[in-house]
Amino acid sequence: MSSGVYGGDEVGALVFDPGYGSFKAGYAGEDAPKTDIPSHVCSLLDSSETMDVDFSLTNSKKKYYVGSNFINVPRKDVEIENFLNDGMIEDWDIFENFLNLIYKQNIVSQPEDHPVLMSESSWNDNLHREKLTEIMFEKYNIPAFFLIKSAVLSAFANGRPTALVFDSGVSQTSAVPVFDGYVLQNSIVRIPHGSKFVSKLCKDYFEENQIDIIPSYMVGSKEQTKDKEKPIWKIKTNIPEVKSSWHNFQVDQVVEDFQASVLQILDEPFNKEAVDGVPPTLYEFPNGYNQQFYDERYTIPEVLFNPKFNSKYSNELSMSYADVLIKSVTLSDVDIMPALYGSVVISGGNTLLTGFNDRLL
């Protein structure tokens with residue numbers, strides 16, 4: 001759907017793209033979203049307390065606080081929540097409050113003035129689709145609504161009506177064949193491993209090597225130390241007693257930054273001789289601990305493409321990322337296999353690891 005003529009009138013159609021990492025929204029036809037809000041929210045039991053936050057959303061039981069400024073500030077009794085699970089909307093109350101926020105603060109317009117196009121996961125079921133459609137028409141009174149598979153959008157964004165869309169996000173990785181703009185449902189292959197699984201690999205490495213992950217909110221001051229020396233830092237005073245979900249969220253952010261800054265994937269199966277001459281990468285953690293990383297940059301994510309590389313994860317990781325791609329093609333009609341192999345579209349934040357595309361293709 002594009003901004004243009006609808007029912008004889010010029011309108012600005014809205015595009016909503018809810019994801020586990022962020023909720024993007026904007027006008028169709030524009031180059032970039034009008035807003036990109038973290039999909040995680042802070043929640044606490046409703047009270048009369050007033051807080052200086054980006055935006056508060058209230059229902060009968062909880063208050064939700066939305067925005068990157070608030071979710072990174074330690075607050076007592078605050079939990080971190082997300083409205084998505086397995087790529088589908090699980091908490092409808094949080095989702096509706098996100099829409100309220102977007103219409104009020106970002107679009108600054110009445111819902112009935114704009115048709116809406118919304119992305120959905122390729123495996124979204126009819127029950128979720130019906131409930132979402134009911135909410136959009138009955139609660140928001142929008143004039144028109146269209147749900148489209150995210151894989152189709154990825155294919156069209158690259159000018160390909162037929163493509164094999166490989167998407168690796170936060171919680172899962174999938175290969176979705178798209179033929180003439182339609183998803184081939186029976187050929188979808190997905191595994192529950194995305195960037196969260198890579199974070200787990202990193203955390204296991206840190207634990208084995210006795211590297212403590214201290215989030216930034218806990219660090220009051222620190223001193224410069226040499227490579228692998230014990231960090232010298234002081235804990236910040238007057239930190240409120242935070243919930244474990246919020247603390248773990250902050251730890252995950254440190255690990256995700258490590259992933260993006262340090263990890264790399266070789267374009268062939270790991271070979272120590274091939275990386276011996278490669279300069280190390282220095283990374284400093286929030287508490288001042290710093291270390292040069294050598295082979296670890298490659299060995300940590302190697303199991304994504306070679307599950308047998310580390311027997312510890314061989315049972316947990318049922319198939320490699322390349323196997324996911326190949327299996328999806330083999331489940332498709334033999335006549336379109338060449339077209340799928342010749343038009344692979346890669347999307348998702350986990351694919352931004354250095355060397356990911358070269359190894360997969």
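Cα-based values for segment 119-247, radius of gyration first and Dmax second, are 22.7, 62 Å.
Taken over segment 97-161, the percentage of Cα pairs per 5 Å bin, counting from 0 up to the bin with the maximum distance, is 4, 15, 22, 22, 17, 14, 5, 0. When both segment 81-137 and segment 180-206 are represented by their alpha-carbon centers, they are found 23 Å apart. The alpha-carbon atoms of segment 95-135, seen along their principal axes, cover 32, 17, 16 angstrom, with the largest extent given first.
Distant-in-sequence amide contacts of ASP77, defined by a placed amide H-H separation under 5 Å and a gap of 5 or more residues or a different chain, comprise LYS243. Sequentially through segment 129-134, phi angles give Karplus couplings (6.51, -1.76, 1.60; θ = phi - 60°) of 5, 5, 5, 5, 4, 4 Hz, Gly and Pro residues having no value and appearing as x.
The three principal axes of the C-alpha atoms in the chain carry coordinate ranges of 69, 63, 34 Å, sorted with the longest axis first. Summing charges over all other residues whose Cβ lies under 10 Å from the Cβ of GLY26, with Lys and Arg as +1 and Asp and Glu as -1, gives -2. Remark: for residue pairs LYS34/LYS104; LYS200/LYS236; LYS61/LYS243; LYS203/LYS236; LYS149/LYS308; LYS63/LYS139, the C-alpha separation exceeds 22 Å in LYS200/LYS236; LYS203/LYS236; LYS149/LYS308. Label separation (THR225 vs ALA274): 3.5 nm, computed from points 7 Å beyond Cα along the C-beta direction. Sites listed here are GluC sites (Glu not before Pro) in segment 63-94 whose DSSP assignment is loop and whose Cβ has at most 15 other Cβ atoms within 10 Å: GLU90. Shown in residue order for segment 92-104 are the 3J(HN,Hα) couplings computed by the Karplus curve 6.51 cos²θ - 1.76 cosθ + 1.60 at θ = phi - 60°: 6, 5, 5, 4, 4, 5, 5, 4, 4, 4, 5, 5, 7 Hz (x for Gly and Pro). The tail of the calculated P(r) for segment 259-361 beyond 16 Å holds 65 percent of all Cα-Cα pairs.
For GLY348, the residues whose modelled amide H falls within less than 5 Å of its own, excluding neighbours fewer than 5 places apart on the same chain, are SER168.
Would you mind estimating how fast segment 4-157 diffuses translationally, via Stokes-Einstein at 4 °C and 1.567 mPa s with the Kirkwood radius over Cα pairs, in µm²/s? My calculation gives 79 µm²/s for D. Here the alpha carbons of segment 195-304 define both size measures, Rg and Dmax, at 15.3, 50 Å. Amide H to amide H, with H built 1.01 Å from N, LYS236 comes under 5 Å of VAL219, GLY220, counting only residues 5 or more places away or on other chains.
Any read-out appearing in this document is the output of simple, stated calculations on the displayed coordinates, not a laboratory observation. Treat the numbers as computed from the prediction; the structure is a model and nothing was measured. When we count neighbours, we look across all protein chains shown, and the Cβ atoms used for this are built from the backbone with ideal geometry, even at glycine.
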